[in-house]
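The structure appears right after this line, and notes come after that.
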Amino acid sequence: MTDVVVLTDTVGSFTTMRDAFGIDDDSAWSLPFNAFLARTGDAIVLVDTGVGPPGGNERFLTDRAGRLPELLAEAGVQPDEIALVVFTHLHVDHVGWNMQGGAPFFPRARYVAHRGDFESFTTTQAHRPYVRDQLAALHATGRLELIDDGGSPLAGVEIEHVPGHTSGSCIVTIGSVTFVGDLAVHELQLADPGLGYVFEEDRPAAAAARRTWLPRLAARGDLVGIPHLGLGRIRQEGDGFGWVPFAEESAATASN
Ligand SMILES: [Zn+2]
């Protein structure tokens, strides 16, 4: 049994539907930025760390709320109780609470990410404040473990390397719950797995990953965590797939 809590660090918009997905819609795309708390055995695991606190130098979503610490407290968890932080990928909106005041915000946690994103972002985007302060600085503390493939950093936690959205994107399974990262960022990409998103590094690979994983997740019927949708289940709908939010099944804290 896996208990999961959705930690909605913030909700906001940084682009339009047209710019994000190339569709005929100039409205703002408003989306949640979620991390997930999961308990497996005796261990408490965090999947991604949200956008991070308001302010700072990074120009992404400057009006962010940064609620992750208070949501953790509401869940009865202190930062030093997190045993493992595992990343689906290393984009700015998934690593924001890695470091605070130059020290790891989760002081006793192992942090695990795929090497692909770390090497590419610290090479090509080294000037970005978040790459410097949340990725390179964390690595410099010796606390960030970079993996070259999938694996199991902890009993009950499985990581699979699924490049596409980024070169280092991973799907993380904790017990029966699968955290797919930005495999899909909007229900439109479930309905049409071929629909690209502007920030996908490799669009054909991202679409291929959806075509592989969405049928698998729908067949299993277990809970799925998607950072920009929440917690729910994937189901087959016509030629594509639909999203059934867990909130519509019961409460915000899930057992599966
Ligand atoms: Zn994202």
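Structure notes:
- Exclusive hit being charged (D, E, K, R) and either on the phi > 0 side of the Ramachandran plot or more than 15 Å from the ligand (Cβ to nearest atom) (or both), set D63, D93: D63
- Of the strands (runs of 3 or more DSSP E) contained entirely in the range 151-195, those carrying at least 1 residues that are at pLDDT 95 or above, surrounded by 17 or more Cβ atoms within 10 Å (Cβ to Cβ) and within 14 Å of the ligand (Cβ to nearest atom) fall at 170-174, 177-179.
- Residue within the range 48-55 that is more than 30 Å from A126 (Cβ to Cβ), under 17 Å from the mean Cα position of the chain (by Cα) and either at pLDDT 95 or above or crowded, with 17+ Cβ neighbours inside 10 Å (or both) present: no
- Output for the range 124-136, where each listed residue is without any contact (Cβ under 8 Å) to a residue 60 or more places away in the chain and surrounded by fewer than 18 Cβ atoms within 10 Å (Cβ to Cβ): T124, Q125, A126, H127, R132, A136
- The condition (being away from the ligand (no atom under 16 Å from the Cβ), under 19 Å from the mean Cα position of the chain (by Cα), crowded, with 17+ Cβ neighbours inside 10 Å and more than 20 Å from H165 (Cβ to Cβ)) is satisfied by just one residue among V77, V4: V4.
The values are calculated or read from the model by the stated rules, or taken from the named source; none is laboratory data. Small disclaimer: the values here were computed from a predicted structure and weren't measured. As a convention, Cβ positions derive from the backbone with ideal geometry for all residues, glycine included, and neighbour counts pool all protein chains shown.
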